[in-house]
1. Could you pull out every one of the aspartates and glutamates with an alpha carbon less than 14 Å from that of Lys132, ignoring same-chain neighbours closer than 8 positions?
2. What 222 nm value per residue comes from the helices of the chain, counting each DSSP H run with n ≥ 4 as -39,500 (n - 2.57) and dividing by all residues, nearest 500 deg cm²/dmol?
3. Would you tally the net charge around Arg153, using a Cβ to Cβ cut-off of less than 11 Å, leaving Arg153 out, and scoring K and R as +1, D and E as -1?
4. Could you tally the net charge around Trp11, taking each other residue with its Cβ under 11 Å from the Cβ of Trp11, Lys/Arg +1 and Asp/Glu -1?
5. Between Lys88 and Glu20, what length comes free when the chain is fully extended (0.36 nm per residue of separation minus the Cα-Cα distance, one decimal in nm)?
6. Residue farthest toward the positive end of the dipole of the chain, with Cβ of Lys/Arg at +1 and Asp/Glu at -1: which of His299, His32, His124?
7. Cross-link partners among aspartates and glutamates for Lys48, C-alpha distance below 17 Å, same-chain residues fewer than 8 apart left out?
8. Which net charge results for the neighbourhood of Gln55, defined as the other residues with beta-carbon distances under 9 angstrom from its beta-carbon, given Lys and Arg at +1 and Asp and Glu at -1?
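No value in this document is a laboratory result; all are computed from the given coordinates. Just so it is clear, the structure is predicted and the values come from calculations on it, not from any experiment. Here the Cβ is made from the backbone with ideal geometry for all residues, glycine too, and neighbour counts use every protein chain on show.
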Amino acid sequence: MTKDYGLKRAWQVHAKTNIELDAVCYRSILIHSSGETKYYATMQFPEKLEALSIQLPRFSKFKEIDAKGFAVERVESDVGETISIVRKSSGNSDIFHKICLDLLELLNTFHEKITDTYILNRIHSWVQFMDKSRLSMSKSAELGLYGEVAIVRTLLESGVPGKDILQAWVGPERGLHDFVFPKIEIEVKTTAKESSSCKISSLDQLDNSSNSNLFLSLVKLVESPDGLILPDYVEDTKKLFGSNEDKLSFEAKLMLVGFHSNLNKEFETQYSISGAFNYLVDDEFPRLTPAKVPIAITHVSYDVNLEDTKQNSELYDQIRDMIWN
């Protein structure tokens, strides 16, 4: 369970305070500190809007942010100048509370090493998350994310540095292919069916004209009482990263697709990975590309059966060796 740091209790104390003012003002209670960095449970009066205020030795990169459900402002309060994340009157209180707890965990993770860059990057991740306008995922999106995280995990276990994996993982950013390494690209497909078929959603998805080392990775899942729901699988994978910076970057990637383990509570299906198969997309690979269809055809969606297609069992070793050499 995520530590609250007395945040809700402090907000409740503020809420009982009667301040009759025409102008906006802020009242703050210190709830967490490390070195010169201080976190305050703050309330904006007279509207009584909850806020989390942060004091750092410097906030050189700060720009005000107007996000869905909250705003980030430079505030002068009773404790001096702070950067404050303030709930909007239209913002959901429970979600805002979880956002604040997540930011508090940053200080708990980095202590005196916390910087404005870490904090602002995390805030921007929350801005992107809230822009998704939904707190649930479709089943196909759940399976797709499970498969991509499975590839992240396999690459980590194969000795590929976490920083390189995260830089290459562009699926959450809606890249054409899910992983783009300097010389190798990977398109990930995930299925919960027994067959070795997968759906290709565009002519460009398996077009290797710009990179002859394009691979398709098929991740096969099976429902199992011994398996893990997506949030648990994500949490297990996060533990494999060696640095806190990489763990934050991993979480930021997930938030780009609208996933955060503290907010996505609808996952119930436990999955185990029954297999992961890699295929080089070459001239013999069954596919449609812009060069193989009449120019008047601009979009296709089709299923491809990979049962008789030659597999590549050395892909992850190739990526590791490419990076280390």
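1. Once the sequence-local aspartates and glutamates are set aside, what remains near Lys132 is Glu173.
2. -10000 deg cm²/dmol
3. Charge balance in the 11 Å sphere: -1.
4. +4
5. That works out to 22.5 nm of additional length.
6. Selected residue: His32.
7. Filter leaves Glu20, Asp22, Glu73, Glu76, Asp78, Asp94.
8. Within the 9 Å Cβ shell, the charges total -1.
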